1. Rounded to the nearest 5, what % of DSSP beta bridges with both residues in the chain are antiparallel?
2. How big is the Rg/Rh ratio for the range 135-286, C-alpha atoms only, Rh by Kirkwood, two decimals?
3. By how many nm would the segment from residue 252 to residue 491 lengthen if fully extended, with 0.36 nm per residue of separation less the alpha-carbon distance?
4. Of 402, 385, 415, which is farthest along the charge dipole of the range 325-469 in the positive direction, counting Lys and Arg as +1 and Asp and Glu as -1 at C-beta?
5. What distance in nm separates the two pseudo spin-label positions at residue 433 and residue 464, each 7 Å out from Cα along the beta-carbon direction?
6. Specify the angular offset, from 0 to 90 degrees and rounded to the nearest 10, of the alpha carbon long axis of helix 40-51 from the longest principal axis of the alpha carbons in the chain.
7. Taking the chain as the reference, fit the longest principal axis to its C-alpha atoms, fit the long axis of helix 407-422 to the helix C-alpha atoms, and give the angle between the two in degrees, 0 to 90, nearest 10.
8. May I ask you to derive the FRET efficiency for residue 408 and residue 508 from their Cβ-Cβ distance with R0 = 45 Å, giving the value to the nearest 0.05?
Amino acid sequence: MKYRFLVICFLLTFSFYSCKDFLEVEPTTEVTELDFFETVEGAQQAVNAIYDPLNWGGVVSPLGLGGHSYEFIIGDICTDDSEKGSIDADQIGISNLKNFTADGGTSNVFLLWEKHYIMIFRANLVLRNLTTATFDEQRKLQLEAEARFLRAYAYFNLVKIFGGVPLFDEPVSGDQIVEKDFSNAPIYSIYQQIDSDLSFARDNLPQRGVNEIGRANSGAAAALLARSYLYQLGTDNTNGHTWQELLDLTNEFISGAYGSYALASNYAMLFDTEGENNEESIFEIQSVDTGVGNFQLGPFVGSVWTVFQSPQDQGGWGFNTPNQDLVDTYESNDPRRHNTAIAIGEHAYGLPLESGPRNQTGYYHRKAILHPDEWNTEKGSGYNVRKIRYADILLMNAEAAYHTGNTAQAVQRVSEIRDRASQSTFPRGFDPMDPNGFTPTGFAPLDNSVIPTGGQNLLDFILDERRREFGMEQLRFWDIVRTGRHLDLMSSKYSISASLIEMHSITTTNRQTEDQVIVNPIPVFPIPSLEVADWGINQNPGY
């Protein structure tokens, strides 16, 4: 799959931004939409095109909009784990997002909106055409499940970032575009679609090892469904999910119902190119360096993700730098610190991390640093982006076990995570005398006797363990929002006005519908102004 993304012209260029004149232009190619679905191979190529936008971030999209729009801008930088990085004036829109002073003209939200709706449109186009395809029914079912997983993935990101957005389960028509026949669906309705798509995908996709590496499988669908339950439980739970429901799903996963997964023995290997698609990987975005420049049109299969975050003197631009607050959460003998937030003066691939104007925290994001072979800022690297790994299943299981009174199971799951951490080496090239080696730390194992056996202290420890385990993996923002800690943490640590955050949040007093069940305030970011106007939809609160 890593080498087989096929860009299909009609899928790449048609979108919600299309105007009536464009829609009425006669096609200039002899290949029609239906032609792709006459064979399994053609239909698979159409499904491949849904994956394509997953890697868009530092590129100009097929619609001419561009900028730097990565999930870590929200997941990491808009939290207490990291700072924007680089110099103050560079990509200032990211700082405005963190401070809730951005508006709908902030370029960083353009691609976050656009790429996910292009994924949704392509998925809906595939789903419509599969209904009339004449090849094997079982193969059609799997392709449908794959498309529905990707549609759910896109909507899950959209609803977390923007809240209520337009909801489509079929391609948008030209009349709708001209008439601006759109509206913001309530958050819980979007989650109903997400849960339905993921349940279907879970039940109809094969387990890992059957399809090509990189394609969605039943494990990826089940894991993303668990995340959907987890996030709804702490934000908009109008759909009435329970902790028991999450516990049952993650118990099934751990028992092997969705495939064979395990914690990788060495935490340091998880984020090395040698660790791609390993036994812990549930879903990761496949990348390959094609030599296409960052701001040239695709195929978009190289990852600018690493270039954006690597140190300037090591092939990157120095954004998204971990801060001391994150570092202080690690015990002194926890190898995960060095594999997450590597300090100036320490080494990566045998080279020293140096201070400079693009680093103001004293740390760099080690999970994203490029190998010297990848140093070329005019290209996207071949570094896969890890999105879901088995450790998340274990810690979701621990949290659900706590909330259902199974505290012994919760402690067991946290112990498993910490035991694996204790086995980790330093990251590759931490020893300057061995630039390609994984040097043992020599640390004593983490002391699991410090894990509380119950009460609020146990829950706090589980949440802190999530922060340590998934540091700089784009989960922190969603964790502090769903647990009701975002407002207090960001107002106390960054002096952001609590009333300003509330002004931009969905709350019990600022709901979308009368029956909406808001558990904790849900901060949302500005919908691009262009789309508010072109689609005729509502802007988010306070923007």
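The values are calculated or read from the model by the stated rules, or taken from the named source; none is laboratory data. Everything numeric in this text was worked out from a predicted model, so none of it was measured. Counting neighbours? That spans all protein chains shown, and the Cβs are built from the backbone with ideal geometry, glycine included. Heads up: the accessible areas ignore ligands, DNA and RNA and are worked out on the full protein's heavy atoms, side chains in. Shrake-Rupley method; radii C 1.70, N 1.55, O 1.52, S 1.80 Å.
1. Of the beta bridges lying entirely in the chain, close to 95 percent run antiparallel.
2. My calculation puts Rg/Rh at 1.01.
3. Result for the pair: 82.1 nm of gain on full extension.
4. In the range 325-469, that residue is 385.
5. 3.6
6. Rounded to the nearest ten degrees, it is 60.
7. 80
8. 0.80
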